[in-house]
Every structure is written in C-alpha cells, then in structure tokens.
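Have a look at the structure below, then the notes.
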C-alpha cells in the first residue's frame with residue numbers, strides 16, 4: 001500500500017478511543033462499501049473516533065462519515081494522515 005497511513009498503535013497513543021477497531025469494523029461490515037483509497041484499519045479507527053470527539057455524533061453517523069471518506073478517492077486519499085498532521089500542529 002502506497003501513501004501515508006496511520007497504524008492502530010499510533011491512533012491508540014494519540015486519541016482517546018470511543019470505539020475500538022473491532023467494533024468499528026464489525027459495524028462497517030454490515031454495509032456495502034469500497035475502500036478505494038486503501039485506508040488502513042488505523043486510518044478508519046482514527047477518522048471514526050475523531051468524528052465522535054469533534055462532532056459528538058453517534059457510532060452509526062461516525063462510521064457513515066468514515067466510509068464516505070474512504071470510498072471517495074478525490075477527498076479520501078491520505079485523509080487520515082493529513083487530518084492527524086493538521087490536528088497535531090494545532091490548527
């Protein structure tokens with residue numbers, strides 16, 4: 001897989017986890033989606049939990065948001081990594 005992606009270990013160190021990767025993937029598997037950006041489990045974990053802490057959405061909405069991003073090549077490519085860098089910089 002090419003590009004900049006996050007690992008689960010990174011996410012667990014930098015963000016309080018509301019839903020773990022198992023819970024997120026179990027819920028996401030109930031839907032048909034395509035990971036066109038090659039997002040890692042770490043990317044999915046980060047985006048979903050970030051959405052919860054940023055917007056206060058429930059799990060279903062956070063996962064829908066994440067799947068929308070990873071299913072859209074135009075906006076989703078390296079999205080989690082760029083979001084992490086932006087948040088780490090304090091912007």
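Rule-based calculations on the coordinates, nothing more; no lab input. Since this is a predicted model, take the numbers as computed values, not measurements. Using ideal geometry, Cβ is built from the backbone for each residue, glycine included, and neighbour counts are taken over all protein chains shown.
Descriptive notes on the structure:
- Ranked 27, 66, criterion: other C-beta atoms within 10 Å, fewest first: 27, 66
- This structure gives Rg and Dmax of the Cα atoms in Å, computed directly, and of (i) 17.9, 62; (ii) 11.9, 35; (iii) 11.6, 30 that value is listed as (ii).
- Only helical runs count toward this figure. For the chain, summing -39,500 (n - 2.57) over DSSP H runs of n ≥ 4 and dividing by all residues gives -17500 deg cm²/dmol at 222 nm.
- Inter-site label distance for residue 13 and residue 31 at 7 Å from Cα along Cβ, in nm: 3.0
- Exposure proxy ranking for 87, 8, based on other Cβ atoms within 10 angstrom of each Cβ and starting from the fewest, stands as 87, 8.
- Using C-alpha pairs under 8 Å with a sequence gap of at least 6, the mean separation divided by the residue count of the chain gives a relative contact order of 36 percent.
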